[in-house]
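Single-structure report; data block below.
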Amino acid sequence: METGKHGLKRELKLWDLVPMQIVVIVWLGWTGFAAKQGPTQLVLWLLAITLFYLPLAAVVMKLSRKLPVEGGVYQWVKVGVSPFAGYMAGWNFTVYALFTFAVAGSFFADGLAHALGPEAAWMSNSRAFTLGLTAVACLVAFVLNVRGLHTAKWWSSGGALLTVVTFLALAALLIRAWWIGLPSARASFSLALPAVSFVTLNVFTKMAISALSGFDGAAIFSEECRRPENDVARSVLIAAPLIAVVYILGTNSVLAYISPANVDLSAAVPQVMAAGLGSAGVRGAISLFVSCAFNLAYFASMLVYVGMIARLPMVAGWDGLLPGWWSELHVKFRTPWKAIAAVTAAMLALGALSLWGAGNQEAVQVGVGAGFGSMCIMYMLLFGVILLDVRTQAIGAGVGLRLAALAAFLVSCCALIFEVVPLGEVTNRAVFAAKVGGMICATNALGAYLYWRGKRRALQSAADAIRS
């Protein structure tokens, strides 16, 4: 469909996009994951920022200015590589988001259990309660996204604010640790070099892809922005330094109070708040507030992602690769409401499957591993746009940007390989690898089949139009 003829509303300004970048990229739970690395975490953060985070920011800034069109990475890869590659980039981004947020109910249940104390421990173990939380989250995400970005952006801004509030609380605890002279506070800023090993490389790739990815997301809404040719790139430029500081200082705060061996990966923020403030009186109330803010920020991220991945099949529908109903807009709100409904229904179904049967925690790990594997494939295709520009000259990328894209492409390749290697405990590591690898292959085979079927449908429709 021709740019500007879609009927979408242009509702996003620069200062709507900046908090969206924060809420999409920052999940402070990754500070606990990084803290597990102890004194080498700072060097790993700096390496991940240099080799992946900054190259991604530069690539997104370049492409968002060159191709400010709805669909973001789908459109960029379609133009820079091929229509099939563009479809698969959009497909893998969708698979990543669906798999990641399908376990939202488990995350909310664990967060509530930590925040409310021992008497609420049953919440983490109740499948009915967890599924109920997932259903409520999906329903709210559907309603708010259907009503339009003018509603959803307030949740995005609120989630970013809650993220910043949580970070400020962690930073205050870090300052307190320095003030009272905790040895662990100074040790947390160590520049000790990590050991050269496959384990270190595994951790590094997960920090880069899992914690520092997402700048490309806001560009999906390009034709719903007031000035997409400038504002998407500017939002990246403004948010990038803040996000890097949040992750580094947040991790240092965790290490100031919790030893690496004792970090709770599922609730690092509530854990450090309880360690720094205690659980009684005013301090306990502050700790509870920050824990709840942490959970609400996660929901805000889920809300934005639902809106993003609903736009991808909408754009594929414009290209004739999906049935037309995916692109139908709500009469009043001008949003792809059927696509939003399909996305939230799929997320709820996957959430129910993740809670079914024995070995639930391993099933969740498999789903999340496959989701991040899909993200790695999407980023390999995205950075391929810049690398292939040597041949096509469609983007006009310079040598510096190509070298940055090459570094990030290699990080994405390594991350894809390591997604089949679990960091946590699983029953059988070989079986786990086979499950994750098999799911990545199966979802991509399904995506390729849907593209082939959609292409046949589009060609048949064109032939019918010529005959008539």
Could you list, in sequence order, all residues of segment 104-122 that are among the hydrophobic types (A, V, I, L, M, F, W, C), under 14 Å from Cys292 (Cβ atoms) and crowded, with 18+ Cβ neighbours inside 10 Å? Phe107, Phe108, Ala109, Ala113, Ala115
Does Gly105 count as modelled with pLDDT of 90 or more, of a type outside the set (A, V, I, L, M, F, W, C) and in a helix (DSSP H, G or I)? no
Kindly provide the set of residues from segment 291-339 that are part of a helix (DSSP H, G or I) and either β-branched (Val, Ile, Thr) or touching a His at 6+ places or on another chain (Cβ under 7 Å) (or both), ordered by number. Ser291, Val304, Val306, Ile309, Val315, Trp337
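Just a yes or no: is a residue in segment 27-37 modelled with pLDDT of 95 or more and among the hydrophobic types (A, V, I, L, M, F, W, C)?
The answer is no, given that none of the residues of segment 27-37 is modelled with pLDDT of 95 or more and among the hydrophobic types (A, V, I, L, M, F, W, C).
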Options Gly250, Gly317, Gly324; residue that is touching an Asp or Glu at 6+ places or on another chain (Cβ under 9 Å), at negative phi and small (Gly, Ala, Ser): Gly317
Top-ranked residue in segment 35-56 [being aliphatic (A, V, I, L, M) and surrounded by fewer than 24 Cβ atoms within 10 Å (Cβ to Cβ); ranked as nearest to Glu229 (Cα to Cα)]: Leu54
Test set (1) crowded, with 22+ Cβ neighbours inside 10 Å; (2) more than 30 Å from Arg147 (Cβ to Cβ); (3) not β-branched (Val, Ile, Thr) - Pro241 fails condition number: (1)
Within segment 382-403, which residues are outside any loop (DSSP other than H, G, I, E, B) and either out of contact with any Phe, Trp or Tyr (no Cβ under 9 Å at 6 or more places or on another chain) or on the phi > 0 side of the Ramachandran plot (or both)? Asp389, Val390, Arg391, Thr392, Val399, Gly400, Leu401, Arg402, Leu403
Which numbered condition Ser235 misses (of (1) closer than 19 Å to Leu161 by Cα; (2) without any contact (Cβ under 8 Å) to a residue 24 or more places away in the chain): (2)
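Conditions tested, residue by residue: (1) assigned to a helix (DSSP H, G or I); (2) modelled with pLDDT of 95 or more; (3) more than 30 Å from Ala192 (Cβ to Cβ).
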residue	(1), (2), (3)
Ile49	yes, yes, no
Met61	yes, yes, yes
Pro68	no, no, yes
Ala85	yes, yes, yes
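The values are calculated or read from the model by the stated rules, or taken from the named source; none is laboratory data. All values reported here derive from a predicted model rather than from experimental measurement. Glycine also receives a Cβ, built like all others from the backbone with ideal geometry; neighbour counts cover every protein chain displayed.
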